[in-house]
Amino acid sequence: MKTPQSAIEIRKAVHADIPSIQDIAEVTWPVAYGTIITPKQIRYMLDNRYNNDVIEKEMFLGDTYLMAEMEGVAIGYACVKARENGVYKLDKLYVNPDKQKTGAGKALLQAVIKLIIDSRGRELILQVNRKNPAVGFYTKMGFVIAREEDFSIGNGYYMKDYVMSLLLNN
C-alpha cells in the first residue's frame, strides 16, 4: 500500500525479510538505547528477540510484521500482535537511524492502525522505555500513558517502560 509519504511503501513482511529486520535492529538499537541501557542488555535483547527462530515463530503464530521501504530498500519495520478482546500490541517499530524523520515511522504506525481497524480491533497498546524520546512520537500520534511498569526480561535485566494506549474508533 502506498502511504501519504509517496516515497515510502509499506507492505507485509515475508520470511525473506527476516535478515533485513535483523539488520535494521542491529543498527537501530544501539542508537535508540545506547544512553538508556547497557551495551550488554542491548546485545541480550537483540539476541533473544531477533534470532531467526523467534521471528519465524512469531510469523508462524500470526504476528504481523510490516516493512517500510524507500526506493525498494528496507528502512524500517513494525510488528503487531493480536491479544484478547480486540486489543492489539505494537511489539516493535523501528526505523533505520539515517532514515528517521522521513515519515516512515508514522507510515508504519498508520498501517498498523489500519490493519487493526480492518480486523475490528478496539485498542492498540505498546511498551516504550520511559527515557526513550519515542514517548513524544507516540503521544503526538494520540497515545496516552496508561501506567508505568518494570518488566523482568531475564538475566537480571528489566525493561522500565510506560505502557501506552490508543483507543480506536471503529
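The values are calculated or read from the model by the stated rules, or taken from the named source; none is laboratory data. Because the structure is predicted, anything quoted here is derived from the model rather than measured. Please note: Cβ atoms are built from the backbone with ideal geometry, for glycine as well, and neighbour counts cover all protein chains shown.
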| request: Give the stretch 137-165 a look and list any residue that's in contact with a helix residue (DSSP H, G or I) (Cβ under 8 Å, 6 or more places away or on another chain), in a loop (DSSP other than H, G, I, E, B) and surrounded by 13 or more Cβ atoms within 10 Å (Cβ to Cβ), or say none. | output: MET141
| field | Failed item in (1) crowded, with 19+ Cβ neighbours inside 10 Å; (2) assigned to a helix (DSSP H, G or I), with GLU58 passing the rest | value | (1)
| note | In the stretch 17-34, residues that are in contact (Cβ under 8 Å) with a residue 12 or more places away in the chain and not in a helix (DSSP H, G or I) total 0
| note | The condition of being surrounded by fewer than 20 Cβ atoms within 10 Å (Cβ to Cβ), under 14 Å from the mean Cα position of the chain (by Cα), farther than 27 Å from ASN169 by Cα and not basic (Lys, Arg) holds, among TYR44, TYR50, only for TYR50
| task | From ALA13, ALA7, grab the single residue that is small (Gly, Ala, Ser) and touching a helix residue (DSSP H, G or I) at 6+ places or on another chain (Cβ under 8 Å). | result | ALA13
| message | Considering only the stretch 19-34, I want to know if a residue exists there that is closer than 18 Å to LYS81 by Cα and either surrounded by fewer than 11 Cβ atoms within 10 Å (Cβ to Cβ) or charged (D, E, K, R) (or both). | response | no
| query | Consider LEU108 against the criteria (1) in a loop (DSSP other than H, G, I, E, B); (2) touching a residue at least 60 places away in the same chain (Cβ under 8 Å): it satisfies all of them except one. Which criterion is unmet? | reply | (1)
| note | Taking the stretch 97-131 and keeping residues over 22 Å from ARG11 (Cβ atoms), touching a helix residue (DSSP H, G or I) at 6+ places or on another chain (Cβ under 8 Å) and surrounded by fewer than 17 Cβ atoms within 10 Å (Cβ to Cβ) leaves ASN129
| query | So which of ALA74, ALA13, ALA68 ends up being modelled with pLDDT of 95 or more and either surrounded by fewer than 18 Cβ atoms within 10 Å (Cβ to Cβ) or more than 17 Å from LEU90 (Cβ to Cβ) (or both)? | reply | ALA74
